[in-house]
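Report on the structure given below.
The values are calculated or read from the model by the stated rules, or taken from the named source; none is laboratory data. All values reported here derive from a predicted model rather than from experimental measurement. Cβ: placed from backbone, ideal geometry, glycine included. Neighbour counts: every protein chain shown.
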């Protein structure tokens, strides 16, 4: 297991302790467990997708729980042969699992679908207007102008009086 040394960063930053602790704990927790395999993709500036390969699981076998800054996906193992047949060889993994994904602030689950052995979870980041950066006018009338985010599609800056 490789260990990250964040000491140089801890010396020169303030308030990032939670981030460094999170990175170190994730490295410990996910050291050897790669089941089920998954992908994380970015589908836009504020849209993400987690895809888990869950062959053999049905939607009723999987629980998805979203909490503040945490997404937990659990799969429950079910009986091997529900139709009364005897399995001679078991090559499809059907063991229980739990996958945890730490989410950034303001990231929420938009939807989840199960198709063709893939569990697809779409996430979206929705930053409240109060948390978005704003330009403050100096002197005169107090006018706030929203700062357009980088990579925006040419949206005009909204002005609030």
So which residues in segment 62-101 are at pLDDT below 90 and either within 15 Å of the chain's Cα centre (by Cα) or closer than 16 Å to residue 50 by Cβ (or both)? 68, 69
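Name the one entry in 91, 96, 84 that is on the phi > 0 side of the Ramachandran plot and free of Cβ contacts under 8 Å to residues at least 40 places away in the same chain.
On the way: 91 fails: on the phi > 0 side of the Ramachandran plot; 96 fails: on the phi > 0 side of the Ramachandran plot.
Answer to the check: 84.
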May I ask you to list the residues in segment 110-140 that are at pLDDT below 85 and either in a strand (DSSP E or B) or touching a helix residue (DSSP H, G or I) at 6+ places or on another chain (Cβ under 9 Å) (or both)? 134, 135, 136
Failed condition for residue 21, given (1) modelled with pLDDT of 90 or more; (2) closer than 30 Å to residue 130 by Cβ, with all others met? (1)
Residue identified as closer than 24 Å to residue 132 by Cα and modelled with pLDDT under 90 among 13, 7: 13
Only one of (1) closer than 30 Å to residue 24 by Cβ; (2) free of Cβ contacts under 8 Å to residues at least 24 places away in the same chain does not apply to residue 101, and that is (2)
